[in-house]
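Written out below as structure tokens is the structure these notes cover.
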Amino acid sequence: MSDELIALGVSHKTAPIELRERLALTEGRASEFGAELLAEEGIDEAVAISTCNRTELYLVGPDGVQAESVGLAALARLAGIRPTELASEAVYALRNCDAAAHLYRVTAGLESMIVGEAEVQGQVKRAYESAREAGSTGPLTNKLFAAALATGKRVRSETGISASRLSVSSVAVALAREALGDLHDLGVVVLGTGETAELTAHALAEEGARTTFIANRRRDRARALAERFGGRSVGFEELPRELGRADIVVSGTSSPHAIVGAEEVEVVMRGRPDRPLLFVDIAVPRDIDPACAEIAGVTLHDIDDLQAVVARNRSVRQAEARPAERIIDEELERFARWLGSLEVLPTIGALRGRGEDIVTQVLGENAGRWEKASPRDLARVEAVARAVVNRLLHEPTLRLKRAGSDHVHARLEVLRELFALDEARPAHDADRPAAEVRELRRRDGR
């Protein structure tokens, strides 16, 4: 068998935020995680993707069952729970073309909480590039991610799926508007200075809110956002004072732990007993201590609460998803043909090698029966024997080369089983399909 592709992960569709935040990886940690997986037996390539709505591993190895087991164990260690508990709760596992189809859908935005969101394309691209720089990719993942990114770009250029420019940030602002009505002239504190903060600020500016950006690091970035969107910026040490002034707090940092605690918020609310405070936490892991929701006057929404708002804006994008699905099917067919070729050509070689073995074996068994045959006669007998084998295998060879992607893996598996291709050859030849993939990996610079 050639190497198998495995996709393993959790998303907002399968796991609550309490589990997703335990599996969340920063951008730098994701590439390290992939490199660590590469050191595990049975993993030849690894890419980790982690966003607010998903953590996924794309693994390549000679044994799909083993690769899945290694990946599941790694995720369980990350979450601090038993692999069996994690597997039964939320993890999905996909193989080969099913794994590729899932990544295509993720990159195109079809698996997002907000169908068609543009941010996920950049997140996938950065995760892949970081993994490649860390040396954990190879020919299969390189081909997969290049094709997935091209598919996502094609979906966005050929359909209207991203036309309304909805994002998690814009939906967060919509949630605040639903809760408080007109946001004009309300005070909003934005925690963070990344892409999420920028998108949030843009949506708030359109609502006429007064925005204050708070950053611990990247103070220059906070000032630049404030100038761009007519707000102001302050340091993190001024957070308690700003919380006392704010009507809304939107948080979306990449902090690995909560940055606003319940005790701190209790103190703030005692100083403003008649003014409610709305928190919208779109970070994973969460920035706002969930215990804040129990404080009088505080309303706290996390990213999973955004799904109710998203559901009311889904119909138009679902209509655009249909042509997007057709594009994905077309692009997946190309990848499936390429993936199938990794097995077809080695299988053809193994099949013909099996025929050569049989000829050599039969000739050897009958070597003592040709006492009166001349060397020329023996050469003719061998030539005829090899011609019979070649003629017999000619049609199967042609049909294998012409085979489409539909069930190609199952067909090849049956062929290898019927002709005992993995057992009949010497050990180094039996591993030929995987070896060919590894030779591609060597040429690819790994």
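The values are calculated or read from the model by the stated rules, or taken from the named source; none is laboratory data. Bear in mind that the values here come from a model prediction, so they are computed numbers and not experimental data. Every residue, glycine among them, receives a Cβ derived from its backbone with ideal geometry; neighbour counts consider all protein chains shown. Note: accessible area is taken over every heavy atom of the protein model, side chains too, but ligands, DNA and RNA are not part of it. Shrake-Rupley method; radii C 1.70, N 1.55, O 1.52, S 1.80 Å.
Any chance the range 365-376 includes a residue that's touching a residue at least 12 places away in the same chain (Cβ under 8 Å) and either under 30 Å from Glu27 (Cα atoms) or in a helix (DSSP H, G or I) (or both)? No, the range 365-376 contains no residue that is touching a residue at least 12 places away in the same chain (Cβ under 8 Å) and either under 30 Å from Glu27 (Cα atoms) or in a helix (DSSP H, G or I) (or both).
Quickly run through the range 72-100 and pick out the residues that are assigned to a helix (DSSP H, G or I) and under 18 Å from Ala127 (Cβ atoms).
Initially, the range 72-100 is screened for residues assigned to a helix (DSSP H, G or I), giving 72-79, 83-89, 96-100.
Correct list: Ala74, Leu75, Leu78, Ala99, Ala100.
Take the range 171-186 and flag every residue that is open to solvent by 10 Å² or more (accessible area, probe 1.4 Å) and on the phi < 0 side of the Ramachandran plot. Selection gives Ala174, Leu175, Arg177, Glu178, Ala179, Leu180, Asp182, His184, Leu186. For Tyr104, the requirement of being in contact with a Leu (Cβ under 7 Å, 6 or more places away or on another chain) and farther than 23 Å from Asp302 by Cβ is met. For Leu345, only one of the following conditions fails: (1) assigned to a helix (DSSP H, G or I); (2) at pLDDT 90 or above; (3) of a type outside the set (Asp, Glu); (4) open to solvent by 20 Å² or more (accessible area, probe 1.4 Å). What is its number? Result: Leu345 passes all but (2). Here the range 240-264 is the region considered, the condition is being out of contact with any helix residue (DSSP H, G or I) (no Cβ under 6 Å at 6 or more places or on another chain) and modelled with pLDDT under 90, and the residue that is nearest to His184 (Cα to Cα) is Thr253.
Scan Val65, Val47 and give me the residue that is among the β-branched types (Val, Ile, Thr) and surrounded by fewer than 24 Cβ atoms within 10 Å (Cβ to Cβ). Break it down stepwise before answering.
Details: Val47 fails: surrounded by fewer than 24 Cβ atoms within 10 Å (Cβ to Cβ).
From the options Val65, Val47, the qualifying one is Val65.
When the criteria are applied in full, Ser69 fails the requirement of being among the hydroxyl-bearing types (Ser, Thr, Tyr), touching a residue at least 60 places away in the same chain (Cβ under 8 Å) and assigned to a helix (DSSP H, G or I). Restricting Leu19, Leu38, Leu25 to those that are touching an Asp or Glu at 6+ places or on another chain (Cβ under 9 Å) and open to solvent by 30 Å² or more (accessible area, probe 1.4 Å) reduces the list to Leu38.
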